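What follows is a short report on a single structure.
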Amino acid sequence: MWTCPNCGRIFQKVKQPHSCKKVSVDSHFKNKDKAKELFNFLLSLIEKNIGTCKVISLPCCVHLFGVYDFLAALPKRDGIEIRFALDRQL
Ligand SMILES: [Zn+2]
């Protein structure tokens, strides 16, 4: 694992090419109250039932990082789109 000294993101490969651009979590949810409510609910359920994770805000979306990067949340006007992968059944 490698942590970029500039932006703090964690990668499997040392010096993984990426954008160090930082975007606040709140900026993703600007004027998307329903999406923020859903995201906070989802995050609380994941942390309660699966384990704590780190919220990483990327220019494109919001990622959740546990042992590895496992979920991307894309806020929409009336909801959120989530994309996730696990190595086991929930
Ligand atoms: Zn970086």
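By counting other Cβ atoms within 10 Å of each Cβ, how are Leu38, Leu90 ranked from fewest to most?
With the fewest neighbours first, Leu38, Leu90 line up as Leu90, Leu38.
Just want the answer: with Cβ charges of +1 for Lys and Arg and -1 for Asp and Glu, which residue in Gln12, Ala72, Gly51 is farthest toward the dipole's positive end in the chain?
Gln12
For the chain, what does the helix formula give at 222 nm: sum of -39500 (n - 2.57) over DSSP H segments with n ≥ 4, over the residue count, nearest 500 deg cm²/dmol?
Mean residue ellipticity, 222 nm, calculated: -7000 deg cm²/dmol.
As a footprinting exposure proxy, order Phe41, Phe84 by other Cβ within 10 Å, with the fewest listed first.
Starting with the residue having the fewest Cβ neighbours, the order is Phe41, Phe84.
Enumerate lysine pairs in the chain that are 8 or more residues apart or on different chains, then count those whose Cα atoms are under 23 Å apart.
Close lysine pairs found across the chain: 25.
What is the dipole size for the chain, taken about its Cα centre, with +1 at each Lys and Arg Cβ and -1 at each Asp and Glu Cβ, in debye to the nearest 20?
For the chain, the charge dipole is close to 280 debye.
Based solely on C-alpha atoms, express the radius of gyration and the Dmax of the chain in angstrom.
That works out to 13.6, 38 Å for Rg and Dmax.
Would you look at the GNM of the chain, springs on alpha carbons closer than 10 Å, and say which of Leu64, Leu45, Leu74 moves the most?
Result: Leu45 has the largest fluctuation of those listed.
In a shell of Cβ-Cβ distance under 14 Å around Arg9, excluding Arg9 itself, what net charge do Lys and Arg (+1) and Asp and Glu (-1) give?
+4
Kindly rank 23-36, 5-18 from highest to lowest mean number of other beta carbons found within 10 Å of each residue. Spell out each step's value before the answer.
On the way: 23-36: 14.1, 5-18: 10.6.
Going from most to least packed, we get 23-36, 5-18.
Only the coordinates and a few stated rules stand behind these numbers; no lab work does. Every value quoted in this text rests on a predicted model; they were computed, and no experiment measured them. Note: ideal-geometry Cβ built from the backbone for every residue, glycine included; neighbour counts use all protein chains shown.
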